Amino acid sequence: MTTRLSSFSCVVALGLVSLGLDKALADDHEAGALNVPPAGFTALFNGKDLEGWFGHGTEDPRTLWAMSPEALAAHHEKTLEDVRQHWSVENGELVNDGHGLYLTTKKDYRDFELLIDYKTVPKADSGIYLRGVPQVQIWDSTEEEKFKLGADKGSGGLWNNPAGSAGKDPSKRMDKPFGEWNHFRILMIGERVTVDFNGERVVDDAVMANYFGKKEGLPMFPKGPIQLQTHGGEIRWRNVFIREIGAEEANRHLANDGFVSLFDGHSLDAWQGAVNNYEVVDGAIRCKQGHGGTLLTKEPYADFIFRFEFQLPPGGNNGVAVRAPLKGDPAWEAFEIQILDDGHEKYANLKDYQYHGSIYGLVPAKRGYLRPTGEWNYQEVEARGSRIQVRVNGTTIVDADVSAIDLENVERVPKGVERTEGYVGFAGHSDPVAFRNVTIKRLGK
């Protein structure tokens, strides 16, 4: 069995790093090193001008992504007319007068750690948009007129999350008195957000709702800009730093304890089925080129969470067998969760239920959450009775009750809609798709 850090350990470690960074930042401020990023971070604000920013409001960022490069560049320049009226730089501080468009990064970000200081005035209302979506809230926590909206709970919550959901309100009020600087550390991986505010954790690994995707049931966008929202009063910003998080670190953060390892990094001893069609290469299970078949666990599972990392070659195709029998094609004898480089040109004409993460033949997945081909992705498949969830790189792309599907219009019904137990594994389709850190956890009734 391999030894792995729990999510709690990862969070503690990240928290310790955060405390160290906060102290380092405080020391730097005393030394006059304003807007100088800590090691590993990049300054989004250079302390001198608005280079790297443009203006945008509370608008769906997909409107930006639909523009041609030329149209987008012209849009950037046009919005600066408004920005220059309401934003300025004074003594190394970004200053907004409480009006106008929100300052928005020209660059889009996926997973990141964001450090930022702000100082505001009574009755100001602001926030930080993550991937172009509102928002980590900033309030005047003393403004009684807004107590009914949650201002009395303090800043730092994911205010546009549904009522009662995790992270909507901060766990404690940590706002400093007016005239003092507040400090945020915001960690975003997939759709999950952690907020440390003035040295205390106020949002702990909560799913952030996609304000612009509510009608479509769309999870958080996989990438997008950082926006500094402001209205109602002056707000000042400084020390705006970001660190982009790569796949390896993101995968470590997403993993946690309570899981049993199914792969020791050296052999296929924990597996049965098409063992001869798979090989161990560089500490990973890999389907042999030109071979296929299903690699299955030695024990059956009813309800479970199956976690693993996978690496797709260009055009790569595989699948996750869910509650499969020992014989037969799991796509139809049980059901299969698609693993596919669905952006490859040879898959230009896929049906909606064939894209990556889909329950093959039954439920289409949300698209766009795979990392670039060749990078390691992180995936979870959770089966609780008839409810199946698929999470890729920290974002839920399938959440379906297969017992509630109208099967009359399904071309071919997989037998998995009726199976309550079976084997779990990988269904190879002749491509060298690789897997590592393969773990599983049984779930109680």
statement: With GLY233 itself left out, Lys, Arg at +1 and Asp, Glu at -1 over residues whose Cβ is under 15 Å from its Cβ give -3
- request: Among the lysines, select those whose C-alpha is under 28 Å from the C-alpha of LYS298, and discard any that sit fewer than 8 residues away in the same chain.
  value: LYS288, LYS327, LYS415, LYS441, LYS445
- prompt: Hey, rough spin-label estimate for HIS231 and ALA39, points 7 angstrom out along Cα→Cβ, what's it come to in nanometres?
  reply: 4.3
message: Testing the spin-label approximation: label points 7 Å from Cα along Cα→Cβ at ARG442 and ARG367. State their distance in nm.
response: 4.0
- line: Measuring from its Cα centre, the chain shows a charge dipole (+1 at each Lys and Arg Cβ, -1 at each Asp and Glu Cβ) which, in debye to the nearest 20, is 880
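Just check the stretch 7-250 against the gyration tensor rule for me: Cα atoms, a ≥ b ≥ c as the square roots of the eigenvalues, rounded for a/c under 1.5, and otherwise prolate or oblate depending on whether a/b exceeds b/c.
Because its axes are fairly even, with a/c under 1.5, the stretch 7-250 counts as rounded.
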- prompt: Dipole of the chain (Lys/Arg Cβ +1, Asp/Glu Cβ -1, origin at the Cα centre): which of SER403, LEU254, LEU64 lies farthest to the positive side?
  reply: SER403
- request: Using the Cα centre as the reference, give the magnitude of the dipole from point charges on the C-beta atoms of the stretch 260-442 (Lys, Arg: +1; Asp, Glu: -1; all else neutral), rounded to the nearest 20 debye.
  value: 180
task: May I ask you to list the lysines whose Cα is less than 18 Å away from that of LYS78, ignoring any residue fewer than eight positions away on the same chain?
output: LYS106, LYS107
- prompt: Hey, what number do you get for the chain at 222 nm if only DSSP H runs of n ≥ 4 count, each worth -39500 (n - 2.57), divided across all residues, to the nearest 500?
  reply: -4000 deg cm²/dmol
- prompt: Calculated from the structure, mean projected area of the Cα convex hull in nm² equals which of [x] 22.8; [y] 30.1; [z] 26.0?
  reply: [x]
Set of lysines with alpha-carbon distance to LYS153 below 23 Å, sequence-local pairs under 8 removed: LYS119, LYS123, LYS168, LYS172, LYS176
query: What's the percent breakdown of Cα-Cα distances in the stretch 256-406 across 5 Å bins, shortest bin first?
result: 2, 9, 18, 23, 23, 17, 7, 1, 0
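Quick note: the coordinates plus some simple rules give every number you see, no bench work behind them. Quantities reported herein were computed from a predicted structural model and do not represent experimental measurements. A quick note on method: Cβ atoms are made from the backbone with ideal geometry, for glycine too, and the neighbour counts reach across all protein chains shown.
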